[in-house]
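The values are calculated or read from the model by the stated rules, or taken from the named source; none is laboratory data. Just so it is clear, the structure is predicted and the values come from calculations on it, not from any experiment. Neighbour counts run over all protein chains shown; Cβ positions are idealised from the backbone, glycine included.
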């Protein structure tokens, strides 16, 4: 499933004045969307590198879209890598990859709402006995509550202890209106117009308990606004991020 990231055309963005103008245009029309994507992408990259250093031996990307971490990150080379996505999206990505280089990825085509993801992964060679990194980025908020529950149950069964789950989500208050965020109305209008409205969100204060009863321990949970502030200070950038969009990290605990 594609995430609602707005990417600038590479050739245009490479022209500094034009790239800067396009960036300002995107930030004006879709406030904090681009900066939120920038912050979450860099944060997840660092979390993946950290998980590899901790001993992860597989990488599973759920709803991969046009994710390029298998090609970009030096740390994941040598890991077994699985990408799961809708058949149509995956076919388009494969057509693009064919024009560049051979991919080290095992591609698994499924519909999250309908197909047996667990069976498809095991059939593709996924090893449920080794620590795994799972990236679930830009997907949860577009699924039904039942589908989110189904996938967490699958991950509880499939993942070995010491596996790390990294996922993004939208604050539930931004969806049901119980919390106010300046950019919420514009974000919801854009994704609704695209045909993929926000359907599901977590209340951050309840996330730890939700994960605990499903075999995971919450390790961290931060908004992309919080993440952006860290990287802004470190790299002298000025990304805004968003308080409504969050990145959570959870560890699969030992089975009882």
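Within region 220-242, being part of a loop (DSSP other than H, G, I, E, B) and crowded, with 21+ Cβ neighbours inside 10 Å holds for 239, 241, 242.
Close Cβ contacts (under 6 Å, 6 or more residues apart or on different chains) running from residues in region 207-234 that are under 17 Å from residue 157 (Cβ atoms) to residues that are part of a helix (DSSP H, G or I) comprise 214/152; 214/156; 215/156.
Residue 222: modelled with pLDDT of 95 or more and under 17 Å from the mean Cα position of the chain (by Cα), yes or no? Yes; evaluated as a whole, the condition is true for this residue. Evaluating residue 247 against the criteria (1) assigned to a helix (DSSP H, G or I); (2) modelled with pLDDT of 95 or more leaves one unmet condition, (1). Does region 114-131 contain at least one residue that is within 28 Å of residue 173 (Cα to Cα), at pLDDT 95 or above and in contact with a strand residue (DSSP E or B) (Cβ under 6 Å, 6 or more places away or on another chain)? No, every residue in region 114-131 fails to be within 28 Å of residue 173 (Cα to Cα), at pLDDT 95 or above and in contact with a strand residue (DSSP E or B) (Cβ under 6 Å, 6 or more places away or on another chain). Among the residues of region 71-87, just one is in a strand (DSSP E or B) and out of contact with any helix residue (DSSP H, G or I) (no Cβ under 9 Å at 6 or more places or on another chain), namely 80.
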